[in-house]
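Working notes, structure below.
The values are calculated or read from the model by the stated rules, or taken from the named source; none is laboratory data. Worth saying up front: this structure is predicted, and the values here are computed from it rather than measured. Glycine also receives a Cβ, built like all others from the backbone with ideal geometry; neighbour counts cover every protein chain displayed. SASA here: full protein model, heavy atoms, side chains in, ligands and nucleic acids out. Shrake-Rupley method; radii C 1.70, N 1.55, O 1.52, S 1.80 Å.
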Amino acid sequence: MTITEQAIVAKNPKKKSEDGIVVTDDFVAVIDGSTSKTTRRYSLFNSNGRYAMKLIASYIGKMKKDCSCHEFCLGVSHFLFKHYKKSEVDRLIEHPEERLTASVIIYSRLRREIWMVGDCQCLVNGTFYDNPKPYEQELAEQRAQIIKTSEKSHADFLREDTARQQIIPHMLQTMKNQNITYAVVDGFRIPEDKVRIITLDFTPWEIVLASDGYPFLCPTLEESEAKLAKQKETDPLNIGEFKATKAFMEGNNSFDDRSYIRFSV
């Protein structure tokens, strides 16, 4: 595996990214820690999303080289589960929205497979693949309609996104289906039929793995960044051609943390 380029950029220049990249001799991975939507905290020094990302990165860094997707799903879930207190488990079964949560995309060198657990994306010789969460687009549409029919100015929403605040209860409700109708890494059993696996043959491939912080994934980092900059310039609220559940808030460089890695095999 030859790494061509990579980048991790936090959406808020004053905070650390909840995204991460792992590169070992046998695996390349992008991890997108989920921003917490509740008040429960698991680390004094990291947000829940960053803590989840760092734990998963640690696990991937120690995986045996012939690890299968099935073994990864079992192993990483067990590893994360150990970081919950026994007294918390019953509560977390009932309230998935309070769990440590992340989406992960991994390339296995030995198996020549890409595993997509949760909301992530990739390019394989220019062909685009994703694994979006159900309901996400519907919620983004709801938020867009709230903004479009509001008497508030767009500038007001960029300072305080009250439209996002209105859809948060719906987002929390959809998270009840976490690891039921869609897969994530959260310490509980991953439904492997919701994990997307892309198998490659032994011809040369150029691969891009990325988090969903790039609304338009391109074959190079420069192109992807240019598309993101154009989005910020033309539609900072993300309510037009590209709709999202959050905006380029005032003071931030993007609407989400983002990570990108391009390599050849």
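With point charges of +1 on the Cβ of Lys and Arg and -1 on the Cβ of Asp and Glu, referenced to the Cα centre of segment 10-168, which listed residue (HIS154, TRP115, SER36) lies farthest in the positive direction of the dipole?
So the residue furthest toward the plus end is SER36.
For the chain, what is the charge dipole size about the Cα centre, in debye to the nearest 20, if Lys and Arg each add +1 at the Cβ and Asp and Glu each add -1 at the Cβ?
Taking the Cα centre of the chain as origin, the dipole is about 880 debye.
Of VAL22, ASN125, ILE207, whose Cα points farthest to the positive end of the dipole of the chain (charges on the beta-carbon: +1 Lys, Arg; -1 Asp, Glu; origin at the Cα centre)?
In the chain, that residue is VAL22.
In whole angstrom, note down how far apart the Cα centers of segment 213-265 and segment 1-52 are.
16
May I ask for the distance between the Cα centers of segment 172-193 and segment 60-134, given as a whole number of Å?
10
Using the basic label-point model (7 angstrom from Cα toward the beta carbon), what is the GLU233 to PHE45 distance in nanometres?
4.1
If I stretch the segment between ASN253 and ILE198 completely, what's the gain in nm (0.36 nm per residue apart, minus their alpha carbon distance), one decimal? Working shown, then result.
Details: separation 55, 0.36 × 55 = 19.80 nm, distance 3.20 nm.
Here the segment from ASN253 to ILE198 would lengthen by 16.6 nm.
Could you compute the FRET efficiency for PHE216 and LYS15, with r as their C-beta to C-beta distance and R0 at 30 Å, rounded to 0.05?
0.80
What percentage of the solvent-accessible surface of segment 176-265, computed with a 1.4 Å probe over protein heavy atoms, is contributed by carbon and sulfur atoms?
Working: 2050 of 3830 Å².
Heavy-atom surface of segment 176-265 belonging to carbon and sulfur, 1.4 Å probe: 54 percent.
Placing unit charges on C-beta atoms (Lys and Arg positive, Asp and Glu negative, everything else neutral), compute the dipole magnitude of segment 3-129 about its Cα centre in debye, rounded to 20.
It works out to roughly 500 debye.
Please compare each pair in LYS15/LYS62; LYS65/LYS246; LYS14/LYS246 to a cut-off of 30 Å on the Cα-Cα distance and tell me which ones are over it.
LYS65/LYS246
With θ set to phi - 60°, apply the Karplus curve 6.51 cos²θ - 1.76 cosθ + 1.60 along segment 163-174 and write out the HN-Hα couplings as whole Hz, x wherever there is a Gly or Pro.
With the stated coefficients, segment 163-174 comes to 5, 5, 4, 6, 8, 4, x, 5, 4, 5, 5, 5 Hz.
Excluding the sites themselves, what is the longest stretch of the chain that contains no GluC sites (Glu not before Pro) in a DSSP loop with at most 13 other C-beta atoms within 10 Å?
1-150
Give the residues of segment 88-110 whose amide nitrogen is closer than 20 Å to a point set 7 Å from the Cα of LEU172 in the direction of its Cβ.
Those under the cut-off are 88-102.
How far apart, in nanometres, would the label points at ASP130 and GLU206 be if each is projected 7 angstrom from Cα along the Cα-to-Cβ direction?
With each label point 7 Å from Cα toward Cβ, the separation is 2.2 nm.
Pull out the extension gain between ILE3 and SER87, defined as 0.36 nm times the separation in residues minus the alpha carbon to alpha carbon distance; nm, one decimal.
Separation in residues times 0.36 nm, less the Cα-Cα distance, equals 25.9 nm.
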